[in-house]
1. Going down the list K90/K495; K90/K212; K458/K522; K397/K440; K405/K522, which pairs span over 28 Å between their C-alpha atoms?
2. Within segment 486-520, list the residues whose amide N lies under 14 Å from a label point set 7 Å along Cα→Cβ of R461.
3. Using mean Cβ contacts within 10 Å as the protection proxy, how do 344-354, 375-385, 268-278 order, highest first?
4. Once amide H atoms are built 1.01 Å from N in the peptide plane, which residues 5 or more positions from E501, or in another chain, come under 5 Å H to H?
5. For M424 paired with L132, estimate the spin-label separation in nm (one decimal), with each label point 7 Å from Cα along the Cα-to-Cβ line.
6. Using a Förster distance of 30 angstrom, determine the FRET efficiency expected from the C-beta separation of A471 and T573, and round it to 0.05.
7. Taking the highest mean first, how do the peptides 508-517, 123-132 order by number of other beta carbon atoms within 10 angstrom per residue?
8. Quick one: if you stick a label point 7 Å off each Cα along the C-beta vector at A524 and A624, how many nm between them?
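What follows draws every value from the coordinates through simple rules; no lab data is involved. On a predicted model such as this, the values are computed, not experimentally measured, just so you know. Counting neighbours? That spans all protein chains shown, and the Cβs are built from the backbone with ideal geometry, glycine included.
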Amino acid sequence: MGSQIPKSTRFGHPTSDFHDKYGSYQNGSRLSPGSILESIERKFLSAYKSFRRIITHLSFKHPGDQSVKKPKFWKKILDPQKPFLQQWNKIFVLSSVIAVAVDPLFFYIPVINGERQCLTIDRQLMIIACVLRSVMDLFYVLHMIFEFRTGFLPPSLPVFGSGELIEDPAAIAKRYLFSNFLIDILSVLPLPQLLVLAIIPAARGPVPLKTKDLVKIAVLLQYVPRLLRIYPLYREVTRTVGILTETAWSGAAFNLLIYMQVSHVVGAIWYLLSVERQAKCWVEACRKDKCKDNFLYCGNQRRQIQPYIDQYCSPKESEDGKTFNFGMYVEALKFQLTSTTSFRRKFFYSFWWALRNVSSSGQNLQVSNYMGEVFFAVFIAILGLVLFALLISNIQKYLQSATVKVEQMRINRRDAEHWMAHRMLPEDLRQRIRRYDQYKWQLNRGVKEEELIGNLPKDLRRDIKRHLCYALLKKVPLFSGMDKQLLDAMCEYLKPVLFTEKSFILQEGDPIDMVLFIMKGKLATIITYGWKNDTLSGVLNAGDFCGEELVQWAMDPTSTSLPISSRTVKSLTEVEAFALKANELKSVTSQFHFQHLNSKQFQLSVRFYSHQWNVWAAYKVQEAWQDYRERKRRGVRGDGRFQDALAKTAGASVGFGATLYASIFISHLLQVVQRDQHQETTQLTQVMTLPPPPKPDDEPDSPNFTILNP
């Protein structure tokens with residue numbers, strides 16, 4: 001049947017789809033297990049690549065994204081000028097100082113067993129010293145790692161902080177390997193831990209005595225590279241970050257700490273040498289008695305006790321010289337410091353012994369003829385002299401830095417006294433000059449504020465002036481609505497001024513050359529009006545201002561001569577203020593041509609907030625009240641005269657008398673009114689040229705006015 005499939009098709013060649021799916025084979029060869037496994041492997045790899053593409057797409061990293069991965073922290077190159085490395089340098093300097101204080105603890109590990117008369121070790125102190133030393137070594141290891149990851153500037157650049165940072169790891173490693181790597185390796189080697197934990201406990205016989213010498217040599221030798229690393233790091237920290245000790249007392253305490261650190265090291269060496277001298281005494285006694293020295297170490301089971309050793313190595317002095325001369329170490333044996341396991345007892349006494357002899361340069365030391373002891377005494381004497389001179393010089397330097405301004409002030413006062421005597425100034429002027437100098441010194445302690453601010457960058461100067469003056473300007477109602485840019489410009493030109501008590505800041509008739517903004521103190525303003533010689537006074541407090549006439553002058557582009565003051569301004573107390581000079585105010589108003597500066601409303605606001613205009617208004621109110629009272633008094637007197645006239649002319653010609661007196665009264669009243677109007681017109685011409693300003697909505701508190709001459 002045509003629909004049946006031929007049997008030969010079951011073993012025919014694969015179709016093209018099969019070739020694409022599982023791979024082809026030549027000449028109709030049959031599929032092998034190896035080819036099938038290879039096909040499965042290829043499909044697995046294809047699926048894995050597809051999965052990675054999906055993950056990449058989900059992580060939002062598109063093919064066009066050229067962002068570079070940030071290196072990990074341990075692969076990142078550090079900048080020596082950044083805060084992280086600068087803070088680490090501080091920490092490492094502190095850890096280095098602590099490490100130098102930890103190392104002498106190994107010298108206290110050897111202990112003399114008083115009962116068995118042999119050398120042993122303090123195991124508890126040994127473990128504590130090894131742990132502390134290992135912790136300090138970790139800081140050295142971290143510092144070495146940071147050195148391999150810290151960039152540097154080209155050495156040809158003379159200025160610190162300039163140029164491009166070199167971040168090549170190979171160049172950084174080469175620079176460190178040829179500079180401080182060897183010193184750091186010698187500093188971080190755990191030689192003391194290795195000796196006290198491994199070699200000494202496993203040794204027998206006289207070996208521990210020699211190993212004790214190795215511990216001393218290892219600790220002292222590692223002191224040299226550690227000290228060599230502390231000083232350059234201290235210099236670098238002070239150069240990049242600033243002085244660690246900025247005050248006199250902290251500087252003196254820092255140098256005193258160094259002095260005590262040296263005493264701690266010398267005391268530990270003295271204790272260890274005391275143990276050595278006692279062991280030396282045992283060896284000599286054993287040689288004289290022809291005994292073996294195996295018993296000197298407590299770990300030896302064949303320990304022997306020789307009575308001759310106890311007698312020969314006694315710390316008691318004998319006149320016949322049969323005992324061993326311990327020299328400067330006799331105190332350690334006499335007070336049994338070498339045979340006690342109390343760390344506090346032997347540590348503090350050793351520290352006291354070293355501090356006493358270092359501070360006195362070894363003057364009270366009684367040494368023997370032993371060469372090593374003599375060298376140690378000479379070392380203490382020289383070290384004491386050097387440290388004492390260094391301590392005194394540093395303390396004097398810090399104290400002088402704190403009192404140099406006081407000394408400069410004293411010199412300036414002496415020069416001022418010589419000048420006043422040479423010019424033969426009167427005593428009142430001298431007192432005023434002395435008062436001004438004293439108040440200026442109490443205010444800023446000799447700091448030249450303008451010079452200090454002038455040396456700063458422009459943005460810092462602007463921010464400092466804004467911090468000092470912006471809030472003060474905003475308190476002035478006249479400037480509260482001004483533009484911020486204009487206020488910033490005014491802040492930049494403001495300069496601090498000082499006035500002592502009873503100083504005349506402005507006098508009537510003098511030109512006004514500045515606008516004064518009061519920060520602290522009180523000012524009195526006195527205005528005199530000519531035809532009645534009336535004097536009005538007011539008080540200006542902190543936040544007020546005077547010299548506002550200069551604002552109108554500065555806003556007028558055609559104005560040349562300065563306005564004349566119509567009042568006297570005098571300080572009631574010491575006054576601290578900011579002054580805006582006339583030429584600088586003119587520069588500000590000409591630079592910022594804001595529309596509201598030239599508006600009528602702003603000019604009226606200037607007059608309204610002006611203290612002088614307020615005084616004028618108060619004066620006019622009081623004058624009007626006095627005129628009203630005077631006119632009322634005259635009117636009452638006129639009415640009485642009119643009634644008398646009516647009484648005298650009663651019964652005769654009442655109408656004629658009343659008419660006559662009425663005409664006289666009216667003519668007299670007209671003369672008075674004309675005279676008052678003429679005087680008011682003359683006064684207004686002298687005091688003002690414009691009518692009083694209309695009162696704005698926000699009225700400030702009225703100043704305190706008092707009539708001095710009513």
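1. Details: K90/K495 40 Å; K90/K212 34 Å; K458/K522 33 Å; K397/K440 26 Å; K405/K522 30 Å.
From the list (K90/K495; K90/K212; K458/K522; K397/K440; K405/K522), the Cα-Cα distance tops 28 Å for K90/K495; K90/K212; K458/K522; K405/K522.
2. Within reach of a label on R461: 489-496.
3. Details: 344-354: 18.0, 375-385: 16.5, 268-278: 22.8.
Put in order of decreasing packing, that is 268-278, 344-354, 375-385.
4. Long-range HN contacts for E501: E574.
5. So the two model labels end up 7.6 nm from each other.
6. Details: r = 22 Å, r/R0 = 0.72.
About 0.85, to the nearest 0.05.
7. Going from most to least packed, we get 508-517, 123-132.
8. My value for the distance between the label points is 2.9 nm.
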